[in-house]
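As structure tokens, the structure follows; a few thoughts come after it.
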Amino acid sequence: SARSASASSAPATKGLIPSVCGKFSTPVPIFWKQFESEIKEAAVKDLTRFPEEQNNNTQFTEWIDELFQDHYQSYQVQRSAIHPPGLEVMMKILEIISKRINYLRHNISVSVLAAAPPLHILVMGGSLPAGTSCGVNHIGLKKLKWSHGYVECAWPARLQHLFNRVLFNEEEVVKVSNLALGGSNSEVGKVLLEYQLFPDSFQPPDIVIWSHAANDSKEKDTERVFFESIPGFVNAAHNLRLCDDHLPLVVMNEEFFVFDQSIDMSGALYKASIWFGLMGISQRNIISHKIFANFDNDDYVNRIIGQKGIHPGMGGHIGASWTIFYNFISAFTDACDYARISSSQTPIKSNDVKAKHIGPAYKENDYGEISSEWKIHQDKIHEMCLSEEALQASSSINSTTATISSNQQKQLSPCTYAFMANRMTSENTAAAVGKKLNEVLTSNTGWNAEGFPIKQPRMGFYAKETNAHFSLKIDVLMETKYMTIMSMKSYGDNFKETNLEVDVTIQRKGASTSADAMKSSKYEVTGYHETKTSIHVPHKFALPDGGAKKGDIIVVNFRLVSGSYFKIAGLAFCRH
């Protein structure tokens, strides 16, 4: 294993170099060659629902070797590096890994476990990282239908196996959480992060991987994607840990897929990575020229990515996991090398601007305003951090505790009421969606919680008749200024001319007059668009009269005023 091969080479430097750096003491090309067999095995072992089809299959083994030898050698994979992460954030990540290894090696008592959790990587994206078509292959292995994604064979699961099998003797040093949701773009990802629509007892991530390229590429409004959607996601990810100057590290990741893009996603990814100082990775840069040069040769293309289309097959997912793993090995090696040659006897610091201090949006002109805007951005984050610390203190949360219990997480949530139908959260079945809605549902005609976690139609709250309507009554637990409706937009005939009317009334607590007691507004949400895809879209509305305060009641009436088909995938009533 990598541990036994290189641990002895770690230098003794008064603890300034993370102990895990002993694993990264050789140049990356040598590492990649030295552990080739482990890298190939870790990317495929135990990652199928049909192991009997894969194990001891000579054709499969030969294909994996061909895929690695022909397309993912070190000199090829290094093309995927768009932008390296910052030095200090990598040192923080290496320290987290080192603490976890020390905990596991020394069998420290369970009471200390919270101080050394696994390095936590959160993957956000659409149906591609969710696993749709990840079992499709050219050699006849049994597979699920194209519409059945499953997390076992998606690249995030393979990435976790690569870290833990190749580097850490199969110990759980790295945990990868896959919250990718079919039909979601950067706007949806932002909502999930901003409102913390995570599973119960969710550990705050140390790394957030953005993989929304496939769905963002279909957007017709280029400027919105460049200047709002992607920056909004980045800032929402950074704000998951307001009081940490470095974490989480945000990684912009572009898998390879085939689609007539409205937007140059490679350019957008490059721009975001450079401007915001993020880690940028593109599998496309490794294999695109080969695929496009041989695009008419289906057998050649399928041997690399499994199948053409926006949902690549098994080869695409294996290659994506190798690509991301390689980039992290490279970043770890660079950080450890710098630590070894540094003459400083104090913790390593960088003079670079921290990624989390960079302003909330791109600036292509008026450069003189950048420094003042960044200062305002930093001041805002500082104020939000102080506010969060005050909330923690008022909830008797020990600020030195590394993890937060599910009850404490709920207290720190920015939302009075929120859910998102997602197989990785508590609302992971149609029944669970219905149960969540029943907490606040007061009447319902024509709407039903139905659908499936993976296959179509996916779970949500559906209307399938004209004039379908339902009402909610929400007791306000905190200042609540915004309502977000996550709904499906599609080009199908059943979505044409669909229009949802939403009537919101705030009943004020202790109001002296009837005029003060009731504040109302109406909103509209449409379900149709001409883009040839079905995606979830968040619609965010300011609540009437500046929003609701603790103790108020929000009453919401939903009515399908035109059309006869609509899907709601999530609702959120939140502070910001």
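The values are calculated or read from the model by the stated rules, or taken from the named source; none is laboratory data. This one's a predicted model, so the numbers in the text were calculated from it and none came from an experiment. Using ideal geometry, Cβ is built from the backbone for each residue, glycine included, and neighbour counts are taken over all protein chains shown. With ligands, DNA and RNA removed, areas are computed over all heavy atoms of the protein, side chains included. Shrake-Rupley method; radii C 1.70, N 1.55, O 1.52, S 1.80 Å.
Quick notes
- Using Cβ point charges alone (K and R +1, D and E -1), the dipole size of the range 171-280 about the Cα centre works out to roughly 120 debye.
- Projected area averaged over orientations for the range 161-277, convex hull of C-alpha atoms, nm²: 8.5 nm²
- Å² per residue, accessible surface of the chain at 1.4 Å: 42 Å²
- Accessible area of Arg165 (1.4 Å probe, protein heavy atoms only, ligands and nucleic acids ignored): about 50 Å².
- Cα lying deepest toward the dipole's positive end in the chain, options Ala511, Ile96, Gly140, charges on Cβ: Ala511
- DSSP bridge orientation in the chain - percent antiparallel, rounded to nearest 5: 75 percent
- Cα-based helix-to-principal-axis angle, 370-394 vs the chain, degrees rounded to 10: 80 degrees
- For trypsin sites (Lys or Arg not before Pro), the sites in the range 183-231 that DSSP calls loop and that have at most 15 other Cβ atoms within 10 Å are Lys220.
- For the range 453-502, carbon and sulfur atoms together expose 44% of the accessible surface, with a 1.4 angstrom probe and every protein chain in place.
- Taken about its Cα centre, the chain carries a charge dipole of roughly 880 debye when the Cβ of each Lys and Arg holds +1 and the Cβ of each Asp and Glu holds -1.
- Projected onto their three principal axes, the Cα atoms of the range 17-138 cover extents of 47, 34, 31 Å, largest first.
- Rounded tilt (10° steps) of 58-71 against the dominant C-alpha axis of the chain: 90 degrees
- Taking chymotrypsin sites (Phe, Trp or Tyr not before Pro) as exposed when DSSP calls them loop and at most 13 other C-beta atoms lie within 10 angstrom, the chain has its longest site-free stretch at 1-294.
- Think of it as helices only: each DSSP H run of n ≥ 4 in the chain is worth -39500 (n - 2.57), and spread over all residues that comes to -10000 deg cm²/dmol at 222 nm.
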